[in-house]
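Enquirer: I'd like to ask you about the structure that follows.
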Amino acid sequence: MSMITTNVGSADRIARIVVGVALIAFALFGPADITWKWIGWIGVVPLLTAFLKWCPAYTLFGVNTCSR
């Protein structure tokens, strides 16, 4: 079993947290039109990747924003 290495750096994490919180706030407090509410819940993804410090898409494309 291989260990997951971090590939999300500090500035990237901050941006993901801000975007995630903003999208979830949109879902909770945005327009009442239910067809657009689901877009806000996509904010869970950047929050998870920020807290895990790992992004599966970065792994696929070989991207790493961590300082070495």
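The values are calculated or read from the model by the stated rules, or taken from the named source; none is laboratory data. Quick caveat, the model's predicted, so the values are computed rather than measured. Methodologically, a virtual Cβ is constructed for each residue, glycine included, from the backbone with ideal geometry; neighbour enumeration extends over all protein chains shown.
Enquirer: So which residues in segment 45-68 are over 24 Å from residue 22 (Cα atoms) and of a type in the set (Ser, Thr, Tyr)?
Expert: 59, 67
Enquirer: Another question about this same structure. Go through segment 26-39 and give me each residue that's touching a helix residue (DSSP H, G or I) at 6+ places or on another chain (Cβ under 8 Å) and at pLDDT 85 or above.
Expert: Result: 26, 27, 28.
Residue-by-condition table, conditions (1) among the hydrophobic types (A, V, I, L, M, F, W, C); (2) at positive phi; (3) touching a Phe, Trp or Tyr at 6+ places or on another chain (Cβ under 7 Å):
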| residue | (1), (2), (3) |
| --- | --- |
| 23 | yes, no, no |
| 36 | yes, no, no |
| 43 | no, no, no |
| 53 | no, yes, no |
| 67 | no, no, no |
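Enquirer: Do you know which residues across segment 1-59 are without any contact (Cβ under 8 Å) to a residue 60 or more places away in the chain, of a type outside the set (Phe, Trp, Tyr), surrounded by 13 or more Cβ atoms within 10 Å (Cβ to Cβ) and not in a helix (DSSP H, G or I)?
Expert: The answer is 7, 8, 9, 30, 42, 43, 53, 55.
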